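K.L.:
Structure below; questions to follow.
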Amino acid sequence: MLNKPVLVESLIVFVIVLSVHAVVWDRYSWCAVALAVQAFYVQFKWDRLLQLGGAVFQFRTAANSGLLPASMVIPLLGIAMKERCRAAGIVYFERFGIVVASTGMLVALFLSVIAVGITKPVPTNTCILTGVAGSVIIYTMKHSLTVSEVIEVLEVLLIFVYLSMILLYLLPRCFTPGEALLVLGGLSFVLNQLIKRSLNVVEGRGDPIDFFLLVAVVGVVLLGLFFTVLFIFMDSGTWISSMFFHMMTAVLGLGVIMPWLYRLIQRNPLFWLLQFLFQTHTRVYLLAYWTFLAASACGVVFYQNAKRSSESKKHQASTVTRKYFHFIVVATYVPGLIYDRQLLHVAAVLCLAVFIFLEYIRYFRIKPLGQTLRHLLSLFLDERDSGPLILTHIYLLLGMSLPVWLFPRSCAPKGTLSGAGALVPYSGVLAVGVGDTIASVFGSTMGEIKWPGTKKTFEGTMTAIFAQIIAVALILIFDSSVNLNSSYAWILASVSLVSLLEAYTTQIDNLLLPLYLQIMFMT
């Protein structure tokens, strides 16, 4: 029997796909529609595999496979970027958008083929649909991509295959198939871009903050892989292992990551970073303000743990309590978006690196903070943290930061896009910081009418839409660079569709919702 919430989630995704391509219909639209149709059928095969335990790796079981919503994110981002850069006359990034879209389609198709291949008996109709979709995509790629671009797409696919085999084995129950597609697909693309740019360094070409993002993300992931392999052969919880962990982190950081970044930006990375952070008085004020907010977030963690100790060891943080961090993140990002987006870009990269490093310390029980972090963060666990890693806070940071990192600056000569595109950097703030937070708080406290088949409420969704519209009005008042050019109906439709998706999806909404809202705004 078909799962009604999954059907409604799929319908919302189809509406978003058709809405995007109603504006930018071209040859890639046929590919996107074909991919969406086959992903819709294949996701039920994945769901059945997860229920029967027939998947090759252990996935998160408290959610459906999420293949359809995840499959469409990277292709739609690439298509939206292509159209924006074509309109701006930036040919290089227009071609880059085509590569992104083609890569996303091929990686999603590969994951579908895996599901079809291990399903017994072989689903004939789904195989035919997958074959047709694959033929359409490959035919379009053949007539759209140059030889070097085809090689780049295949490189990303190869990296994705190897990363999937390694990380899904090492991190059981951390992802659904859809979340693995998004996270590992994005990571594969970042790694390939870093390798490509490292081999073709041209002095003075490229923005240092983009290189900083690539090196930081790849660096912390490789660091984690190194220590995972190392601690197979030794106990990570001893003082000797902890000292070795800190020593090797310093060696790899100063001996590998720093020289790698130096090769890309052609200057000392530490001096560049210090000069960048303290370049203006505005940046100093923002850094001081963010330090205060970080201390406040730590205060909330300590206070809630003290409350747990005094009440009950089984006490868990409520939904409202967890949303405190969403409010703090909104208060962090909004001033950065208004006053200095480049500083916010770099600060978010640093924060991501720190979050992942602290998660390594917690996971490996590295002294002296490992056990303490395990105790402090266990209070904020929910059903999505079913694997060995705690990822929800990292997903929150990614959801807020990805619209800032993925904003096509080169295709926006004045630093902002026209129409609804001006709200692209605010996608995370609107979808997660405002919409998801308000929906959860009002839905859990005052909601009575539940959406069919879910725990989410009608009141929560409607309040979230209303709150996001108010937030857009406030952005117009306080950010003079935003000019919507009467695209209010499209903004309302975008916010409404993403809010409905939040009500029905069982995937990590902190990651999925901002990307879909960004896609709608960029169209």
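K.L.:
Leu396 is checked against (1) within 25 Å of Gly299 (Cβ to Cβ); (2) outside any helix (DSSP H, G or I) and fails just one. What number does that condition carry?
P.N.:
Of (1) within 25 Å of Gly299 (Cβ to Cβ); (2) outside any helix (DSSP H, G or I), only one is false for Leu396: (2).
K.L.:
Also: Pick from segment 209-261 the residues that are among the hydrophobic types (A, V, I, L, M, F, W, C) and not in a helix (DSSP H, G or I): which of them is most open to solvent (accessible area, probe 1.4 Å)?
P.N.:
Phe233
K.L.:
Look at Thr291 and say whether it is of a type in the set (S, T, N, Q), exposed (fewer than 14 other Cβ atoms within 10 Å of the Cβ) and under 28 Å from the mean Cα position of the chain (by Cα).
P.N.:
Yes; evaluated as a whole, the condition is true for this residue.
K.L.:
Report yes if Val183 is under 23 Å from Ala32 (Cα atoms), open to solvent by less than 40 Å² (accessible area, probe 1.4 Å) and β-branched (Val, Ile, Thr), otherwise no.
P.N.:
Criteria not met by Val183.
K.L.:
Exactly one condition in (1) open to solvent by 10 Å² or more (accessible area, probe 1.4 Å); (2) closer than 23 Å to Tyr139 by Cβ is false for Val15; which is it?
P.N.:
Condition (2) is where Val15 drops out.
K.L.:
Just the residues that are open to solvent by less than 30 Å² (accessible area, probe 1.4 Å) and either hydroxyl-bearing (Ser, Thr, Tyr) or closer than 22 Å to Ala39 by Cα (or both), please, taken from segment 134-158.
P.N.:
Gly134, Ile137, Thr140, Met141, Ser144, Val153, Val156
K.L.:
Of all the residues that make up segment 45-77, how many are among the charged types (D, E, K, R) and farther than 15 Å from Ile114 by Cβ?
P.N.:
Matching residues across segment 45-77 total 1.
K.L.:
Another question, then. Can you tell me which residue among Glu448, Glu502, Glu459 is among the acidic types (Asp, Glu), within 21 Å of Lys4 (Cα to Cα) and outside any helix (DSSP H, G or I)?
P.N.:
Glu448
K.L.:
Moving to a separate point now. Based on this model, can you work out whether Thr437 counts as modelled with pLDDT under 90, of a type in the set (Val, Ile, Thr) and in a loop (DSSP other than H, G, I, E, B)?
P.N.:
So Thr437 fails the test.
K.L.:
When only residues in segment 335-372 that are open to solvent by less than 50 Å² (accessible area, probe 1.4 Å) and assigned to a loop (DSSP other than H, G, I, E, B) count, which is farthest from Gly428 (Cα to Cα)?
P.N.:
Result: Ile366.
K.L.:
Looking only at segment 487-497, filter to residues that are touching a residue at least 40 places away in the same chain (Cβ under 8 Å) and among the small types (Gly, Ala, Ser); which one of those is farthest from Met520 (Cα to Cα)?
P.N.:
First, pick out the residues of segment 487-497 that are touching a residue at least 40 places away in the same chain (Cβ under 8 Å): 487, 490-491, 493-495, 497.
The next check asks that each one be among the small types (Gly, Ala, Ser); those that pass are 487, 493-494.
Details: Ser487: 12, Ala493: 9, Ser494: 6 Å.
If we take residues in segment 487-497 being touching a residue at least 40 places away in the same chain (Cβ under 8 Å) and among the small types (Gly, Ala, Ser), then Ser487 is farthest from Met520 (Cα to Cα).
K.L.:
Further question: Show the residue pairs that are 6+ apart or on different chains and have beta-carbon atoms under 7 Å apart, the first residue being within segment 391-412 and within 22 Å of Gln193 (Cα to Cα) and open to solvent by 30 Å² or more (accessible area, probe 1.4 Å), the second being modelled with pLDDT under 90 and outside any helix (DSSP H, G or I).
P.N.:
Ser410/Ile90
K.L.:
Another one. Given the residues Ser487, Ser494, which is the only one that is at pLDDT 85 or above, of a type in the set (S, T, N, Q) and touching a helix residue (DSSP H, G or I) at 6+ places or on another chain (Cβ under 6 Å)?
P.N.:
Ser494
K.L.:
Let me ask you something else. Can you give me the number of residues within segment 118-133 that are assigned to a helix (DSSP H, G or I), surrounded by 12 or more Cβ atoms within 10 Å (Cβ to Cβ) and either touching a residue at least 12 places away in the same chain (Cβ under 8 Å) or within 28 Å of the chain's Cα centre (by Cα) (or both)?
P.N.:
Total meeting the criteria: 6.
K.L.:
Follow-up. Could you tell me which residue of segment 72-117 is most open to solvent (accessible area, probe 1.4 Å), considering only residues that are more than 18 Å from Ile159 (Cβ to Cβ) and among the aromatic types (Phe, Trp, Tyr)?
P.N.:
Filtering first and then ranking leaves Tyr92.
K.L.:
Name every residue in segment 1-56 that is outside any helix (DSSP H, G or I) and more than 30 Å from Met522 (Cα to Cα), in order of residue number.
P.N.:
Listed by number, the residues that qualify are Met1, Leu2, Asn3, Gly53, Gly54, Ala55, Val56.
K.L.:
Right, Lys196: open to solvent by 30 Å² or more (accessible area, probe 1.4 Å) and not in a helix (DSSP H, G or I) or not?
P.N.:
Details: open to solvent by 30 Å² or more (accessible area, probe 1.4 Å): yes; not in a helix (DSSP H, G or I): no.
When the stated conditions are applied, Lys196 does not pass them.
K.L.:
Of the conditions (1) farther than 23 Å from Ile356 by Cα; (2) open to solvent by less than 10 Å² (accessible area, probe 1.4 Å), Ser418 fails just one. Which one is it?
P.N.:
(2)
K.L.:
Identify, from the list Pro69, Pro75, the residue that is farther than 13 Å from Ala133 by Cβ, in the same structural domain as Ile128 (by the TED database) and not in a loop (DSSP other than H, G, I, E, B).
P.N.:
Within the list Pro69, Pro75, the selection yields Pro69.
The values are calculated or read from the model by the stated rules, or taken from the named source; none is laboratory data. What you are looking at is a predicted structure, and each value in this text was computed from that prediction instead of being measured. Backbone-built Cβ (ideal geometry, glycine too); neighbour counts: all protein chains shown. Remember, those area values only see protein heavy atoms, side chains included, never the ligands or the DNA or RNA. Shrake-Rupley method; radii C 1.70, N 1.55, O 1.52, S 1.80 Å.
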